[in-house]
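This report concerns only the one structure given below.
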Amino acid sequence: MSDHKGWPIRELWEKYEEITMHFNDLIIRLRTQALAGVAALSTLVGLFAKTDLGAFGYTWEIAGFVFAALTLFWIAIWVLDFTYYNQLLIGSVAALLELEKESAVSATISQIRLSTLVEKAVISRIKSDLTPMQKLRVDAPRWTFYSLVFVALLAGAGFSFYEHFYSLSKPVAVHRVGERV
């Protein structure tokens with residue numbers, strides 16, 4: 001940058017916006033694909049748990065373990081989203097906001113800070129000027145999304161284990177060979 005006064009803010013803003021939209025798209029794909037995978041596997045587990053598999057009589061127990069594993073998978077997706085992908089988005093939005101503030105006083109900017117702000121957001125937290133109510137309005141939809149699926153998976157695991165243990169407590173009818181049931 002030795003021979004010019006800086007980068008045009010509008011051009012830089014457009015590049016920052018592209019990157020921000022890329023991070024947003026990554027988050028949306030992560031959430032929708034994870035939800036689709038959990039829904040598909042949950043549906044299959046529900047169907048197989050209700051099916052009579054003859055000698056293989058532990059379908060509810062297996063369903064419970066699959067739901068428990070899906071719950072752990074869902075927690076891993078939540079951690080990945082909240083601690084990494086969402087932080088990438090926050091850092092890129094902070095960089096956009098910084099550029100927008102600078103655009104009020106200048107048409108160029110002397111320092112590019114996108115990577116710096118993204119790194120800062122991932123490593124630590126970027127201080128925001130949001131009120132507690134605004135922060136709640138930003139955070140509540142993400143928490144609600146993950147919490148609803150988490151509760152449904154726990155309920156599926158709990159119901160499956162309940163059905164398994166309930167079926168073990170039922171008395172088993174003893175039949176003689178050749179007797180019609």
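The values are calculated or read from the model by the stated rules, or taken from the named source; none is laboratory data. Fair warning: this is a prediction, and the values are worked out from it, not measured in the lab. Heads up, the Cβs are rebuilt from the backbone with ideal geometry, glycines too, and the neighbour counts pull from every protein chain shown.
For Ala157, state whether it is within 17 Å of Val38 (Cα to Cα), over 19 Å from the mean Cα position of the chain (by Cα) and modelled with pLDDT of 90 or more.
Judged against the criteria, Ala157 is a match.
Assess whether Asp25 counts as being modelled with pLDDT under 80 and of a type in the set (D, E, K, R).
For Asp25, the condition - modelled with pLDDT under 80 and of a type in the set (D, E, K, R) - is not met.
Mind counting the residues in the range 81-139 that are touching a residue at least 24 places away in the same chain (Cβ under 8 Å), of a type in the set (A, V, I, L, M) and exposed (fewer than 14 other Cβ atoms within 10 Å of the Cβ)?
The total comes to 1.
What is the residue count in the range 71-107 for residues that are of a type in the set (S, T, N, Q) and in contact with a helix residue (DSSP H, G or I) (Cβ under 6 Å, 6 or more places away or on another chain)?
Total satisfying the criteria: 4.
Would the range 30-43 turn up any residue that is farther than 17 Å from Leu153 by Cα and modelled with pLDDT of 90 or more?
We begin by selecting, within the range 30-43, every residue farther than 17 Å from Leu153 by Cα; these are 30.
Adding the requirement that they be modelled with pLDDT of 90 or more leaves 30.
For the range 30-43, residues farther than 17 Å from Leu153 by Cα and modelled with pLDDT of 90 or more: present.
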